[in-house]
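Student: There's a structure below that I have some questions on.
Read-outs: derived from the displayed coordinates by stated rules, not from any lab. Please read these numbers as outputs of a predicted model, since none were measured by experiment.
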Amino acid sequence: MGNSGSSTPNFIKREESFGSKSPKSKRHGTEIMRSETLFGSTERIPFDTSRYTSSFRKPNRSHSLEQSGNHSPSSSQSSSNNSFINAISERDCLRQSTRPKFQISGDLNPHQVNIVKRTWKQVMKSINEDEMEIAVRLLLRIFQIDPRMKIHFSLSNIPDSDLRHNVIFVRHVKAFEPTLIHVMSHPGHVMSVSKYLQQLGGRHVTYSGVTYRSAYWKIFIQALMDVLGVDQASGDIYDAFMVLGNFCVEQMRIGYKIEYKLQREAERIAIMQHKKREASQENGKFLSVNK
C-alpha cells in the first residue's frame, strides 16, 4: 500500500498471532511469493513454504534489514559479518524455484473464469475504462462499510468527501490498482495472480495498520462485490466472485504473514549484530585502558 512518510520501512512493533502452526488444509502448502521491495516493485522472489516453517532458525534477509544495514560490521567482527552475509545470500536460494510444488486449490473453473471476464468488461465499460476509478471506488467502499478502517491507512482525520484528493489515499490507490486490474484481467492465471496478491498483502505489513486477524479481509470481499454490483441474486456470478474474493484474501494474507515474519527475523538479526558491535567496542576500550 502507499507510504505516507519516509520511503524507508520501519520494523513492525505490533505483535501478531497467526493461530496454529499447522495448516488447516493443504491449500496453504503452496509456493509463497514475496516482493523484493515493498512499494512499487514488479520483481517477486519465490518462497517455498516447505522450507519456510524451519527457515527462521537461521538468518533470512528482508528489504528492511538491507536498508537498515548501513552500519555494516567491520572486518574485525567476522562472525557478525558472516551472519549478515548468510542472511543476504538466502535470497539466492529463494530464486531457485519458479514453479509451485503444489497446485493452488480454490481457483475458478473455466465457466467461472468466463463469468469474471465478462462481468469485468461490463464494469469497465460503465466507467469508460478508467482503471484507477475502480480502485478508488473499492477503497472508498471499504471505508464506507467500516469507517474504522481509515485508521489503518492513516486517513482517520480525512472527511470522505476529501479522500479522492488526499495524497495518502492516492498513494494507496496507485499501489493497489495494478493488482486489482491484473486479477480481474487474468482470473484463469492462478500463479500469476497469486504473485500479485501476495506482494500486495506484504505491503499491508509496512504501509498499513491492518493485522492478520483484522476484519479488513472480510470487508474487502464485501466491498469488491458491492463495487462490481454483484449480490446473491446474481446466481452464478455471485458464486464466481465469492470464489475469487476468498482466493484474493487467502493469497494476500499469505503474503502478509511471510513479510511480517521476515521483518521480525530481520529485526532479530539487526539487534544481535548491534549487541555484538557494542560488546566489541566495550572490549576494545577495556584493552586500551589496561595497556
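Student: Please list, ordered by chain and number, the residues whose modelled amide H lies under 5 Å from the amide H of PHE153; skip anything fewer than 5 residues away on the same chain.
Tutor: Those lying under 5 Å, H to H, from PHE153 are GLY209.
Student: So, one more: Against the 2.2 N^0.38 Å scaling, with N counting residues, where does region 214-253 land? I'd like the Cα-based Rg ratio to two decimal places.
Tutor: 1.11
Student: In percent, what relative contact order does region 110-253 have, based on Cα pairs under 8 Å that are 6 or more apart in sequence?
Tutor: 34 percent
Student: Same structure again: So what are the ³J(HN,Hα) numbers for region 269-276, from phi and the Karplus equation (6.51, -1.76, 1.60; θ = phi - 60°), rounded to whole Hz, Gly and Pro as x?
Tutor: Karplus values, whole Hz, x for Gly and Pro: 5, 4, 5, 4, 5, 5, 5, 5.
Student: Let me ask something else about it. Provide, in order from the shortest bin, the percent of all Cα-Cα pairs of region 106-145 in each 10 Å bin, continuing until the bin that contains the maximum pair distance.
Tutor: 26, 37, 35, 2
Student: Counting pairs of alpha carbon atoms under 8 Å apart in space and at least six apart in sequence, what relative contact order in percent does region 167-239 give? All intermediate terms of the calculation are to be shown ahead of the outcome.
Tutor: Working: 21 pairs, mean separation 11.7, N = 73.
It rounds to 16 percent for region 167-239.
Student: Right, another one. Please report the orientation-averaged projected area of region 110-253, defined via the convex hull of its C-alpha atoms, in nm².
Tutor: Mean projected area for region 110-253: 8.1 nm², to one decimal.
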